[in-house]
Structure formats: structure tokens, C-alpha cells
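The values are calculated or read from the model by the stated rules, or taken from the named source; none is laboratory data. Note that the coordinates shown come from a computational prediction; the quantities given were computed from them, not determined experimentally. Cβ placement follows ideal geometry from the backbone for every residue including glycine, while neighbour counts extend to all protein chains displayed. Surface accessibility is based on the protein's heavy atoms, side chains included, excluding ligands, DNA and RNA. Shrake-Rupley method; radii C 1.70, N 1.55, O 1.52, S 1.80 Å.
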Amino acid sequence: MDYANILVSADLGEAAPDRIRLAADLTRRFEATLTGVAAHTVPAPILVRDVYDAIDQEGRNKAQIQAIVEQARASFERFAGDGIRTDWRWCFADATAHLIEQARAADLVVVSRRGPGDEDPGPLGVPPDPVLMEGGRPVLVVPPRTVSLKASRIVVAWKDSPETRRAVSGALPLLREADTVFVATVGSGARHDGAEDVASHLARHGASATVHHLQTVDDDGSEILRFALLRDTDLIVAGAYGHSRLREWVFGGVTRDLLDRSPLCCLMSH
């Protein structure tokens with residue numbers, strides 16, 4: 001497979017320009033289409049006098065929201081640059097729900113990291129958690145101030161699970177082009193998770209892959225991040241493990257660590 005359509009969340013936050021530039025760079029590399037996505041709900045009329053007042057308020061509210069979305073579109077077009085095919089999808093709706101809907105026609109979805117210390121992108125912003133769990137597509141989570149992704153050295157945080165298998169499949173276009181792929185497992189029991197088979201599978205796709213069994217010093221997430229930084233990589237491929245509780249997504253330790261604090265791009269799948 002290759003990436004034919006890359007979807008990127010477009011908002012007015014500080015991280016948006018870098019995220020769009022990175023997605024555009026990937027689009028050029030794979031000769032794909034870059035689709036910008038934005039949405040905003042229309043506030044309901046308040047303190048209305050009659051039906052005509054309600055209609056007037058709704059019209060004004062829609063005009064205000066459309067002006068905000070048009071700012072996001074202008075930003076998308078500016079930072080996507082020239083030389084690639086682009087598309088724009090917007091509507092009056094919840095931003096996250098709209099992005100998940102549009103992911104049905106995408107090969108890769110690009111969003112920003114949203115850790116506790118990261119900037120709030122505003123009402124157009126989309127957090128990675130629900131996109132990972134509901135989008136059904138590989139999701140590239142980009143940390144702030146990251147403007148490009150060479151992906152020449154990649155860590156696969158291997159765990160023999162459907163989530164990680166899907167993440168590896170979703171990352172194949174990047175894994176094939178990488179100079180080096182490190183298939184890393186964590187913990188003594190992980191030696192039986194078939195990492196060697198995965199490295200051989202990647203080799204059949206043209207990747208240069210080696211296997212590394214890591215021992216946990218602090219926690220599994222910290223060990224993966226430490227290994228990735230020591231090996232001078234810029235991409236981690238991993239499964240995303242979680243479930244819904246009280247309308248919030250609850251993730252396991254490694255997934256939460258990567259989503260909250262990874263300084264490297266993470267390509268993840270549920």
C-alpha cells in the first residue's frame with residue numbers, strides 16, 4: 001500500500017502551521033492528496049423573542065462560524081504550499097466527529113499531540129484520543145514544534161496484538177523507505193512475542209529491520225522513549241490500547257505516555 005489521501009486536522013492553534021507543513025511534506029513524498037478538515041458547531045439561539053429572532057440569530061451565528069472556518073482554510077492553503085493536490089472538507093458540526101467521519105476515505109490521519117502541558121488549539125481542535133479509537137485509520141500524532149518527518153530511522157514498539165499489527169501495516173509505506181527499523185520489545189516475556197518474525201516480514205517489504213529486547217528500568221513507556229532517543233529516531237510505531245469510560249477514553253500506560261509526552265512523532269492504530 002501507499003498513502004493516496006492524507007487527512008490533516010486544520011485549526012487556528014499555534015501547532016497548526018507545523019502540523020500542516022509536515023503533512024504536506026509527506027503528501028509530496030508519496031504523491032498523494034492532502035485533505036484539510038475543519039468543523040465547528042453552530043451555537044443555539046438564546047433569549048429569543050420569537051421565531052424570526054431565532055432565525056436571525058442562527059444566521060448570524062452561522063456567519064461567525066463560517067468566518068472562523070475560512071480562517072482555518074486560508075491557513076491550510078498557505079502552509080500546505082504549492083506542488084501538491086489538496087482538498088478541503090468542512091461543515092457545521094463537531095470538529096472531532098467530522099474528522100472521524102472524513103477518515104473513512106483516508107489512508108493516514110495527522111493530528112497534534114495534546115498532552116497536559118500542550119496548547120489548547122481552540123474549538124476547531126481535535127484531540128488524538130477519539131480519532132485513534134473511532135477513526136479506524138492509522139493516526140500520526142505530531143508533537144509541537146515538529147515541522148518535518150524524515151522517518152529514516154523508525155522504532156516499532158512491538159507487542160503481539162491486533163493493535164500493533166494494524167499499526168505496522170499502516171506504517172508500511174514509511175517502513176519500506178526507512179534506512180533502519182528497530183523492532184523493540186519490552187520485558188522478559190516479550191521475547192516470545194514474535195519480534196523476529198516481524199523483522200523478517202518487514203525485510204520482505206524491503207525494510208532493513210533489527211530486533212531489540214529491552215528491559216524495563218522505570219516503566220515500559222519511558223524505556224521505549226529512551227531507546228528511540230538514543231537511536232536518533234524520529235518516529236515510533238505502536239498500537240493504541242484503551243477503552244471508553246464515562247465518555248472519556250482511558251488508555252494503558254505506554255499508550256498514555258506516548259500520547260502525552262513523546263517528543264517524537266508516533267504512528268498509532270487501535
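Among the residues of segment 80-87, not a single one is in a strand (DSSP E or B), modelled with pLDDT of 95 or more, under 22 Å from the mean Cα position of the chain (by Cα) and buried (at least 21 other Cβ atoms within 10 Å of the Cβ). Residues in segment 187-216 that are among the hydrophobic types (A, V, I, L, M, F, W, C), in contact with a Lys or Arg (Cβ under 8 Å, 6 or more places away or on another chain) and farther than 13 Å from L175 by Cβ: 1 in all.
Among the conditions (1) at pLDDT 95 or above; (2) over 23 Å from D18 (Cβ atoms); (3) of a type in the set (G, A, S); (4) within 18 Å of the chain's Cα centre (by Cα), the only one that S262 does not satisfy is (2). Counting the residues of segment 100-134 that are assigned to a helix (DSSP H, G or I) and either without any contact (Cβ under 8 Å) to a residue 12 or more places away in the chain or open to solvent by less than 10 Å² (accessible area, probe 1.4 Å) (or both) gives 5. For segment 211-236, name all the residues that are open to solvent by 50 Å² or more (accessible area, probe 1.4 Å), among the hydrophobic types (A, V, I, L, M, F, W, C) and within 24 Å of the chain's Cα centre (by Cα). The answer is L229, L230.
Number of residues in segment 170-187 that are in contact with a strand residue (DSSP E or B) (Cβ under 8 Å, 6 or more places away or on another chain) and open to solvent by 50 Å² or more (accessible area, probe 1.4 Å): the value is 1. The set of residues in segment 198-244 being of a type in the set (D, E) and under 18 Å from G187 (Cβ atoms) consists of D218, D219, D220, E223. Being under 18 Å from L264 (Cβ atoms), open to solvent by less than 30 Å² (accessible area, probe 1.4 Å) and either touching a Phe, Trp or Tyr at 6+ places or on another chain (Cβ under 9 Å) or not in a loop (DSSP other than H, G, I, E, B) (or both) is the requirement here; does V198 meet it? No: the conditions fail for V198.
A search for C-beta distances below 7 Å between a residue of segment 150-169 that is within 11 Å of A240 (Cβ to Cβ) and any residue that is of a type in the set (S, T, Y) and assigned to a loop (DSSP other than H, G, I, E, B), counting only pairs 6+ apart in sequence or on different chains, returns E163/Y241.
Taking the stated definitions as given, is A93 more than 22 Å from E14 (Cβ to Cβ), hydrophobic (A, V, I, L, M, F, W, C), surrounded by fewer than 19 Cβ atoms within 10 Å (Cβ to Cβ) and without any contact (Cβ under 8 Å) to a residue 60 or more places away in the chain? Here the answer is yes, as A93 does meet what is asked. Say whether the condition of being open to solvent by 10 Å² or more (accessible area, probe 1.4 Å), touching a residue at least 60 places away in the same chain (Cβ under 8 Å) and in contact with a strand residue (DSSP E or B) (Cβ under 7 Å, 6 or more places away or on another chain) is met by at least one residue in segment 20-28. The answer is no, given that none of the residues of segment 20-28 is open to solvent by 10 Å² or more (accessible area, probe 1.4 Å), touching a residue at least 60 places away in the same chain (Cβ under 8 Å) and in contact with a strand residue (DSSP E or B) (Cβ under 7 Å, 6 or more places away or on another chain).
Could you please let me know if R137 is open to solvent by 30 Å² or more (accessible area, probe 1.4 Å), farther than 15 Å from I20 by Cβ and in contact (Cβ under 8 Å) with a residue 60 or more places away in the chain? So R137 fits the description; yes. Scanning segment 201-210 for residues that are open to solvent by 30 Å² or more (accessible area, probe 1.4 Å) and either closer than 17 Å to S161 by Cβ or part of a loop (DSSP other than H, G, I, E, B) (or both) returns H201, H205, G206, S208.
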